[in-house]
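Take a look at the structure set out below.
The values are calculated or read from the model by the stated rules, or taken from the named source; none is laboratory data. The structure presented is a predicted model; accordingly, all values stated were derived computationally and were not measured. Note that each Cβ is placed from the backbone with ideal geometry, even for glycine, and that neighbours are counted across all protein chains shown. Surface areas here come from the heavy atoms of the whole protein model, side chains and all, with no ligands, DNA or RNA. Shrake-Rupley method; radii C 1.70, N 1.55, O 1.52, S 1.80 Å.
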Amino acid sequence: MTETLLAPLAPKMTPTSTPFWAALGEGRVVLQQCDGCEAWVFYPRPRCPHCLSPALSWKPVSGRATLTTWTHCPRPTAPPFTGLAPQTLAVVTLEEGVRMSTFLLETAGRTLELGMALSPRFVPTEDGTATLLAFAPA
Ligand SMILES: [Zn+2]
């Protein structure tokens, strides 16, 4: 199920993070992987946080994740998000082991549980300049 949802704010992209955001705009999830120690890296960085190698490659991943923690916010978390309240903010762990802060969709009538399977959802911003990565119960 696809919800009609537009995110009110676009992220500030950097040369390092642009491939991540560009892939989301194409409905794909990519992560950096270190060419030296093969560690997955998120958030996008110019060097591997494990071995400090600057040799990082963008690799496509499934976007499948599990729910690590969440909180239900009945009030807007900031003025631009007034139209999105209530929101369910979450930290998820992708299959590759990296964690990311995000928000959950399609949770009405669902019981959220730690470790539950999630799949990615791609949410364009209102200004059309970016796509955010959200998740929904798989
Ligand atoms: Zn490394």
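The relative contact order of the chain comes to 26 percent, based on Cα pairs under 8 Å that sit 6 or more residues apart. Treating r as the C-beta distance of Ala108 and Ser62 and R0 as 22 Å, the FRET efficiency rounds to 0.35.
Distance from the C-alpha centroid of the range 24-55 to that of the range 97-138: 21 Å, rounded to the whole angstrom. If only the Cβ of Lys and Arg carry +1 and only the Cβ of Asp and Glu carry -1, the dipole of the chain around its Cα centre is close to 220 debye. Entry comment: accessible area of the range 18-137 is 52 Å² per residue, from protein heavy atoms only and a probe of 1.4 Å. When the Cα gyration tensor is reduced to axis lengths a ≥ b ≥ c, the ratio a/c is 1.5 or higher for the range 87-138, and with a/b not above b/c it is classed as oblate.
Quick check: at a probe of 1.4 Å, how many percent of the accessible area of the chain sits on carbon and sulfur atoms? Answer for the chain: carbon and sulfur cover 55 percent of the accessible area. The residues neighbouring Phe20, those whose beta-carbon lies less than 14 Å from its own, together hold a net charge of +2 under the Lys/Arg +1, Asp/Glu -1 convention. Rounded to the nearest whole angstrom, the semi-axes of the ellipsoid equivalent to the chain, taken from the Cα gyration tensor as √(5λ), stand at 26, 18, 13, largest first.
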